[in-house]
Protein chains: 2
Amino acid sequence: MDIVENLELAARYREILRQALYVVRSIDADGELSTAQTSTLNMLAAAPMRIGLIARNAGIRVPSATEQVTKLAAAGLVERVPSHTDARVVEVRLTEEGRRTLKAANLRRNREMARAFDSLSPRERQAINLAIPAIEKLNVALSP
Amino acid sequence: MDIVENLELAARYREILRQALYVVRSIDADGELSTAQTSTLNMLAAAPMRIGLIARNAGIRVPSATEQVTKLAAAGLVERVPSHTDARVVEVRLTEEGRRTLKAANLRRNREMARAFDSLSPRERQAINLAIPAIEKLNVALSP
DNA sequence: GCCTAATAGTTAGGGTGCCTAACAGTCAAG
DNA sequence: CTTGACTGTTAGGCACCCTAACTATTAGGC
């Protein structure tokens, strides 16, 4: 790939990323849950999980995961359950309220997103769909 | 598009956005310029621009643009030039040093990005390339 | 010409979400 | 039983965005 082309691609890529993230955040801001909180809850909906694994899955550091969990716990959406096999470990588990709240938040958000996705052509939706795994791979390649 | 499918697409989309932005930021953090600063400088490289237009182009509010410009001006990379036709207006213009710094930063960043893009297949690169306009459109559709 | 309304930008204060460094507690291995 | 590795928390800090409230200037109606 041409260097100049690459530079332009990279610049545009960075630009739309920034915009996209903040647009998504502004949608999330209307609701009960922030973007990162939803992301964490969605992870925990599959299975209870310890802090370190939350961090690893989210691609963030352990203290950042602690922070998110602390917020969620304060809101009563998750609970910390000490592991009985290893006293260092904390299992984080959705509460019933957490599950309800997440469900509602996902629905609400989905309505907004669906409205936006509907304004795209099938080709465009497909383009985003196809790009997602590539961006995931790029994220890994760019990670330290 | 199916609701469930859409929900999953939206969730994954949100997830990779967050990761991608912070990965890019961590690359930028090694250099002289932050992500937002580079983005602003790149915009100004084309032409001098007033604060309001910077904000509009970047999809941010005017005070946020002021903040970025203030940082850049403090670093000597841009200068505020009062308009002589309208005393309320401030034109922001790259300094020579700003131009040099931006060029160097773009080169350095490009090396990093190119390395990452090289680890993708041509198909994957193409997928990202094609998705960019679609994401741009989605950003607009999601904006308030 | 003057007052009012609109407009450009700044300042102040706040919030999210990430980071590193330093720490406490627990476990495992010699 | 001590040393070293590991899990999570705390403290402090930074990038980047926001809204609300302000100042200065311009423009339009009377």
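Here are a few things to note about the model shown:
- Residues of region B:27-77 that turn out to be open to solvent by 30 Å² or more (accessible area, probe 1.4 Å), more than 10 Å from DNA strand D (Cβ to nearest atom) and part of a helix (DSSP H, G or I), as a count: 11
- Meets criteria (part of a helix (DSSP H, G or I), free of Cβ contacts under 8 Å to residues at least 60 places away in the same chain, within 14 Å of DNA strand D (Cβ to nearest atom) and surrounded by 17 or more Cβ atoms within 10 Å (Cβ to Cβ)) for residue B:105: no
- Residue within region A:118-127 that is assigned to a helix (DSSP H, G or I) and touching a strand residue (DSSP E or B) at 6+ places or on another chain (Cβ under 8 Å) present: no
- Meets criteria (touching a residue at least 60 places away in the same chain (Cβ under 8 Å) and at positive phi) for residue B:59: yes
- Residue B:106 satisfies every condition listed in (1) at the interface with chain A (Cβ under 9 Å from one of its Cβ atoms); (2) over 16 Å from the mean Cα position of the chain (by Cα) except (2).
- Against the list (1) among the hydrophobic types (A, V, I, L, M, F, W, C); (2) outside any loop (DSSP other than H, G, I, E, B); (3) modelled with pLDDT under 95, the condition residue A:87 fails is (2).
The values are calculated or read from the model by the stated rules, or taken from the named source; none is laboratory data. If you're wondering where the values come from, they're calculated on a predicted model, not measured in any experiment. We place every Cβ from the backbone using ideal geometry, glycine too, and count neighbours over all the protein chains shown. Just so you know, the surface numbers come from the protein's heavy atoms only, side chains and all, with ligands and any DNA or RNA stripped out. Shrake-Rupley method; radii C 1.70, N 1.55, O 1.52, S 1.80 Å.
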